[in-house]
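Engineer: Next up is a structure, given as structure tokens.
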Amino acid sequence: MAINQHHLFEDLDGTKCAVVEKNISSERVSFLKALLEFNGYTVVVVPAAPAKAASVESDAAAPAPPTLFTLGVSDVMFNATNAVFGRLLRTPNGQVVSLDYWKQRSGVSDDQTPYYQR
């Protein structure tokens, strides 16, 4: 178990991993997996544990929940916050990964413009 909740570890598919994100969609998985593998990390993706049902009666009428995933990397020293703000990750075209690019708010990583001028 991690000392704090910002650096979690789990066994994913039998591999001790640093958890990057939990309960993410398949689109987010494909984005992060491509980015992290480009930066040399071994990525492990497993389906997220299903949420506990509130009551047995509502299970029959409730629609199926969307499929969510947990994404981790085999390097247990990896921390997403440190990697983004420490400018340790690069995009495939060689730019430093910005917070907006990591969160997929922008399709282009613009680390030259300060956040307060955007």
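Engineer: Given the C-alpha centroids of region 78-118 and region 13-37, what is the distance between them in whole angstrom?
Structural biologist: Computed from Cα coordinates, the inter-centre distance equals 17 Å.
Engineer: What nm distance separates the two modelled labels at residue 9 and residue 90, each placed 7 Å from Cα along Cα→Cβ?
Structural biologist: Inter-label distance under the simple model: 3.0 nm.
Engineer: Which net charge results for the neighbourhood of residue 44, defined as the other residues with beta-carbon distances under 10 angstrom from its beta-carbon, given Lys and Arg at +1 and Asp and Glu at -1?
Structural biologist: Charge balance near residue 44 sits at -1.
Engineer: Taking θ = phi - 60°, what integer Hz values does the Karplus form 6.51 cos²θ - 1.76 cosθ + 1.60 yield along region 28-42, in sequence order, with x for Gly and Pro?
Structural biologist: Residue by residue, region 28-42 yields 5, 4, 5, 5, 5, 4, 4, 5, 6, 5, 4, 8, x, 8, 8 Hz.
Engineer: Under 15 Å from the Cβ of residue 86, count the other residues' Cβ atoms, weight Lys and Arg +1, Asp and Glu -1, and hand me the total. Can you show the working numbers first?
Structural biologist: Working: positive: 87, 90; negative: 75, 111.
Result for the neighbourhood of residue 86: 0.
Engineer: Taking the Cβ of residue 70 as the centre, find all other residues whose Cβ is under 9 Å away and add up their charges (Lys, Arg: +1; Asp, Glu: -1).
Structural biologist: Net local charge, residue 70 excluded: -1.
Engineer: If amide hydrogens are placed 1.01 Å from N in the peptide plane, which non-local residues have theirs closer than 5 Å to the one on residue 97?
Structural biologist: Under 5 Å from the amide H of residue 97: 89, 90, 91.
The numbers here are math on the coordinates, done by the rules we state, and not lab data. All of these numbers come straight from a predicted model, not from anything done at the bench. Neighbour counts are summed over all protein chains in view; Cβ atoms, including those assigned to glycine, are modelled from backbone coordinates with ideal geometry.
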